[in-house]
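Student: One structure follows; several queries about it will come next.
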């Protein structure tokens, strides 16, 4: 079975990820599997959170917090340093999948804002998880956590070495694999049939790789009008997740 492997880190000199923003920090606090290693916070923001007294905490002003995060990042008065979540097996989410389930598979989608937004949509529409490659996908980090608005802590995320092999394992678990392709003849609503769906999306521009498309049971397009050529991958994922949820 394919195993999740956390990639590079988005953080400070410790190599640990740093999260910022009140939604991302509150979600990390609510996740019993997330270990918070250090906190920087303004006096104004402090009353909103209940950190473990054993966690090192430094009061800082807004300018000091700004130096702990990427330029112009909206830290909202709080920054935390965390330990990465434990690795996860693909089988962990497949074996216990309900009879009706949706899974998201991303083929070399590398932008952390897009992956974060997709995690948020996955949480909103009840997807059981997302699958990406170990390489060619963003690390668990602050920009992604901020875009996910808490969903990084709630949606299982599996990284695999070989995406084609993972798609084979997903099929063996009874999932119908639908690759989103703007040039496909079939609309997504007509490709949705089986109760277990794996939505496969490629990177903006190149889209799905040929080998990934070959490991899909169907290729389908979203019925977008002529006013735009295509949707941002995170927007396309949101539309596809909604379609799968109401089918």
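Student: Which one, 92, 33, 190, has the greatest fluctuation when you compute a Gaussian network model over the chain with C-alpha springs under 10 angstrom?
Tutor: Sorting by GNM fluctuation, first place goes to 190.
Student: In addition: Normalising by the residue count of the stretch 111-222, find the relative contact order in percent from Cα pairs under 8 Å and 6+ residues apart. Display every interim value, and only then the final one.
Tutor: Working: 172 pairs, mean separation 28.6, N = 112.
Computed value for the stretch 111-222: 26 percent relative contact order.
Student: Find the Rg to Rh ratio for the stretch 204-247, where Rh is the Kirkwood radius over alpha-carbon pairs and Rg uses the same atoms. Kindly include the intermediate steps, with their values, before the conclusion.
Tutor: Working: Rg = 11.7 Å, Rh = 12.0 Å.
Answer for the stretch 204-247: 0.98.
Student: Rg and Dmax of the stretch 90-246, using alpha carbons, in Å: what are they?
Tutor: Every Cα atom of the stretch 90-246 included, Rg and Dmax give 14.1, 42 Å.
Student: Which of the peptides 203-212, 159-168, 144-153, 236-245 is most tightly packed, and how do the rest follow, judged by the mean count of other Cβ atoms within 10 Å per residue? Let's see the in-between values first.
Tutor: Numbers: 203-212: 14.6, 159-168: 18.6, 144-153: 24.6, 236-245: 20.6.
Going by the mean number of other Cβ atoms within 10 Å, highest first, we get 144-153, 236-245, 159-168, 203-212.
Student: What distance in nm separates the simple spin-label points at residue 62 and residue 83, each placed 7 Å from Cα in the Cβ direction?
Tutor: 3.5
Student: Just round it to a whole percent: the fraction of Cα-Cα distances in the stretch 107-200 exceeding 20 Å. Kindly include the intermediate steps, with their values, before the conclusion.
Tutor: Numbers: 1754 of 4371 pairs.
Summing the P(r) of the stretch 107-200 above 20 Å gives 40 percent of all pairs.
Student: A follow-up question, please. Relative to the present Cα-Cα distance, how much length would full extension add between residue 110 and residue 186 at 0.36 nm per residue of separation? Numbers along the way, then the final one.
Tutor: Details: separation 76, 0.36 × 76 = 27.36 nm, distance 2.69 nm.
Fully extending the segment from residue 110 to residue 186 adds 24.7 nm.
Student: With N denoting the number of residues in the stretch 18-64, provide Rg(C-alpha) divided by 2.2 N^0.38 Å, to two decimal places. Before the final figure, lay out each step's value.
Tutor: On the way: Rg = 10.3 Å, N = 47, 2.2 N^0.38 = 9.5 Å.
The reported ratio for this selection is 1.09.
Student: Return the tail of the calculated pair distribution for the stretch 29-159, meaning the percent of Cα-Cα pairs more than 17 Å apart. Intermediate results must be reported in sequence, preceding the final value.
Tutor: Numbers: 5380 of 8515 pairs.
Every Cα pair in the stretch 29-159 considered, those over 17 Å come to 63 percent.
Student: Report the residue, chosen from 104, 228, 115, that carries the largest GNM mean-square fluctuation when the chain is represented by alpha-carbon nodes joined by springs under 10 Å.
Tutor: The residue that fluctuates most here is 228.
Readers should treat all values here as calculations from the given coordinates under stated rules, not as data from a laboratory. Since this is a predicted model, take the numbers as computed values, not measurements. Glycine gets a Cβ as well: all are built from the backbone with ideal geometry, and neighbour counts include every protein chain shown.
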